[in-house]
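**Student:** Okay, here's the structure, questions in a sec.
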Amino acid sequence: MTVDTLGTTAGPAGAGATEVAAGFVGDVYPAFFLQFWPAGPPRGHLIYLPPFGEEMNRCRAAVAEQARWFARQGLSCTVLDFYGTGESDGDLTDATLPIWRQNIEDLRVQLTQRWAAPVYLWGCRLGALIAVDYLQWHPGSSKRLLFWQPVPSGSNFVTQLLRQRAAALMQKGEQGETTAGMKARLAAGESIEVAGYRLGGELVTAIDQLEMRFLPGDGDTEIFWMEHSADGSVALGARTARVIEQLQQTGTTISVSTFGDEPIWQLHKRASCDDLLTKTRELVI
Amino acid sequence: MNALELTQKFIRSCLQLSATEPLDRDTALLGGFPEFNSLTITTLIVEIEEALDCEIADDEISGEIFETVGSLADFVAGKMAQA
């Protein structure tokens, strides 16, 4: 493992300074991480599991801000880029679900060896579904989970992803491919390009089969579930409500909160650049 | 919430429109908003699927559904009747 210290930032009055470091974990399939470490001994380790594709980039700033805050509260927080994504080694087409599971496990082992403390998984979008998958293989490795707008069904998620390609073709007036047809090509091992990302058949087919149904263990796992609500109401969508009820029936404790911010993982953020527009217009006059 | 209100809510959320921006049945979507593109369509379909816990098949999706707020609201009404 290599860790380069990027710097130390002072926290607000009354809170400790935090150290920010970057490094890689895992020998065979190295995964990049950005780590926020508290001034004193950590009372817990948070591992952030990112969303897929462009959603991962859109969430980065908010995640880094939250990770820094966690470190000021005495928790270590490690932001992971799965193998084949972000700053990690490898291409996305080489990534597989078992490799990603191993990335999490390698990081968990590294953190607990450095300092013995409980590990909490913080999954955003697809990262939450990956967290649930990881716990099927490593039961009890994390008893408390934080979910940001989790993806409850891999099959729905992959369909939604492939639909972007179908919709792009439709808009160009080209013969539309069906999502079922694309799934069949992926299952046969082909790779398909969607919105600038080349997706490998093995990874996407494995994600397609993930469902958030239950968490193994003795019913002592707790999920803090943050769900977006555009109008700020506490009403959950029918699908989310069903999945939460299923998980609760299998003994998992779930605390749900809704938040009314703009959905940061989606596009269409109308950031204004008035200065740029004005100066361009001045050129043309 | 009826189908039109629900549809307006989905569109406001996907296009980040303010609550005061007028959206009636005749408001054009495709061609009406420059940022209404393939990604908006897929986002809207996801919102509908998740809110109503339904599946929308590829062959149900066509450009006509996304012509106006009204055409999309009719589609949503059909899905609500099935749910």
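The values are calculated or read from the model by the stated rules, or taken from the named source; none is laboratory data. In this text, all values refer to a predicted model and were calculated from it rather than measured experimentally. So basically every Cβ, Gly included, is an ideal-geometry build from the backbone, and we count neighbours across all protein chains shown. Each accessible area value is taken on the protein alone, full model and side chains, heavy atoms only, with ligands, DNA and RNA left out. Shrake-Rupley method; radii C 1.70, N 1.55, O 1.52, S 1.80 Å.
**Student:** Label points 7 Å out from Cα along the Cβ direction at A:Glu65 and B:Phe33: separation in nm?
**Tutor:** Those two pseudo-labels are separated by 2.3 nm.
**Student:** Could you work out which residue, out of A:His228, A:His138, A:His45, moves most in a Gaussian network model of chain A, that is, has the largest mean-square fluctuation with Cα springs under 10 Å?
**Tutor:** Most flexible of the set in this elastic network: A:His138.
**Student:** In deg cm²/dmol and to the nearest 500, what is the mean residue ellipticity at 222 nm of chain A if only DSSP H runs of at least 4 residues count, each as -39500 (n - 2.57), divided by the residue total?
**Tutor:** -12000 deg cm²/dmol
**Student:** Once the Cβ-Cβ distance between B:Glu21 and B:Glu64 is put in as r, and R0 is 25 Å, what FRET efficiency do you end up with, to the nearest 0.05?
**Tutor:** On the way: r = 23 Å, r/R0 = 0.94.
E between B:Glu21 and B:Glu64, to the nearest 0.05, is 0.60.
**Student:** If amide H atoms are built 1.01 Å from N in the plane of the peptide, which residues on other chains or at least 5 residues away come under 5 Å of the amide H of A:Glu211?
**Tutor:** A:Gly154
**Student:** What are the semi-axes of the equivalent ellipsoid of chain B, taken as the square roots of 5 times the eigenvalues of the Cα gyration tensor, listed largest first and rounded to whole Å?
**Tutor:** Over the Cα atoms of chain B, the semi-axes work out to 18, 14, 12 Å.
**Student:** Show the residues, 5+ positions off or on another chain, whose built amide H is closer than 5 Å to the amide H of A:Gly44.
**Tutor:** A:Ser76
**Student:** Also, quick follow-up: Along each of its three principal axes, how wide is the spread of alpha-carbon positions in segment A:125-272, in whole angstrom units, largest first?
**Tutor:** Result, largest extent first: 51, 41, 26 Å.
**Student:** When the Kirkwood radius is taken over all Cα pairs of segment A:154-209, what Stokes-Einstein diffusion coefficient follows at 10 °C and 1.306 mPa s, in µm²/s?
**Tutor:** In µm²/s, the coefficient is 143.
**Student:** Another question, then. Can you give the % of DSSP beta bridges in chain A that are antiparallel, to the nearest 5?
**Tutor:** 45
**Student:** Follow-up. Could you run the Debye sum over the Cα atoms of segment A:26-175, one equal point scatterer each and no solvent, and tell me log10 of I(q)/I(0) at q = 0.08, 0.10 Å⁻¹, two decimals?
**Tutor:** One equal scatterer on each Cα of segment A:26-175 leads to -0.24, -0.36.
**Student:** With every protein chain left in place, what is the accessible area of A:Thr96 in Å² (1.4 Å probe, nearest 10)?
**Tutor:** Its accessible surface works out to 20 Å², give or take rounding.
**Student:** When the chain is fully extended, how far beyond the present Cα-Cα distance does A:Ile254 get from A:Leu169, taking 0.36 nm per residue of separation?
**Tutor:** Using 0.36 nm per residue and subtracting the Cα-Cα distance, I get 26.6 nm.
**Student:** Mind grabbing the accessible area of A:Arg60 for me, 1.4 Å probe, Å², rounded to tens?
**Tutor:** Counting only protein heavy atoms, A:Arg60 exposes about 90 Å² to solvent.
**Student:** Of A:Gln73, A:Gln102, A:Gln164, which has the largest mean-square fluctuation in a 10 Å C-alpha GNM of chain A?
**Tutor:** Per the Cα network of chain A with a 10 Å cutoff, A:Gln164 tops the list.
**Student:** Compare A:Arg114, A:Arg144, A:Arg185 in a GNM of chain A, Cα atoms joined below 10 Å, and give the one with the largest fluctuation.
**Tutor:** With Cα springs under 10 Å in chain A, the top fluctuation among A:Arg114, A:Arg144, A:Arg185 is at A:Arg114.
**Student:** In addition: What accessible area, in Å² to the nearest ten, does a 1.4 Å probe give for B:Lys79?
**Tutor:** 10
**Student:** How big is D, in µm² s⁻¹, for the protein assembly as shown by Stokes-Einstein at 37 °C and 0.692 mPa s if Rh is the Kirkwood radius over C-alpha pairs?
**Tutor:** On the way: Rh = 22.1 Å.
Estimated via Stokes-Einstein, D reaches 148 µm²/s.
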